[in-house]
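Read the structure below first, then the notes.
Bear in mind these aren't lab numbers, they're just calculated from the coordinates by the rules spelled out. These numbers come from a predicted model, not from an experiment. Here the Cβ positions follow ideal geometry from the backbone for every residue, glycine too, while neighbour counts run over all protein chains shown.
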Amino acid sequence: MKDVGAGRIFRRMQALGTRSGVLRRAHTGRAAALTRGAGAAALAAPTRAAALAAWTPAAALTTLALAMALAVAMPNPAAAQDVGLPLGSTPPAAVVQDLNGDSVSLARYVGRTPVLLEFWATWCPLCRAMEPRLRAAHQKYDDVQFLFIGVAVNQSPRTIRRHLEKDPLPGTVLWDADGAAVRAYDAPTTSYIVILDRSGKVAYTGTGSDQDVDGALAKVAGGGGSGRRR
């Protein structure tokens, strides 16, 4: 990704921070951890993150913006469990929107069946690279709810709908208009996947294009379903 694109994402995230507040927790060390997972070429990025955090009132959103820029720029994925919510924790309730603008509580999906959530964007190459694995898992695990949370960065419900007309996703696509889900799930970047077990507790987190979602889902879905989606 060209630097101008990363700057555009950063400015957009600053605007989101001004309008809707900062992330629930500001992890000042998160940027360094992400860049180590992203590859050696990104090791200079924490210096920029530290400088930005020193003056911006939305330090946590700054970290998220940097991480999103790195996710687009760097092809190598971070390892599972490097980022995000702790295993065994229960995410707080969050209200997002469907693509028509109607409110949707994520609580309606949680605590009944296993749930896979991906924080997703039309422009995210790591998300696109994960699609074949997610399609295969969607076909295999018919008792798992698949949710794609569209982040409010450089896209809109309209552009998402247009994208889905040509490239549909294997699950329900929602819109995180004000960052409520980003904060609730401590999302550091696009391609961030969270898997919740039947009780609503975090069983897996990971980022990047090489995540073993099949192995993670097998642990919470009993090894697979019938392979037939209703």
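For the range 104-130, a residue qualifies if it is surrounded by 18 or more Cβ atoms within 10 Å (Cβ to Cβ) and in a helix (DSSP H, G or I), and the qualifying residues are Leu106, Leu126, Cys127, Met130.
Being within 18 Å of Val95 (Cα to Cα) and of a type in the set (Ser, Thr, Tyr) narrows it down to one of Thr172, Thr207, Thr189, Thr159, so name that one. Walk me through it before giving the result.
Details: Thr207 fails: within 18 Å of Val95 (Cα to Cα); Thr189 fails: within 18 Å of Val95 (Cα to Cα); Thr159 fails: within 18 Å of Val95 (Cα to Cα).
Among Thr172, Thr207, Thr189, Thr159, only Thr172 is within 18 Å of Val95 (Cα to Cα) and of a type in the set (Ser, Thr, Tyr).
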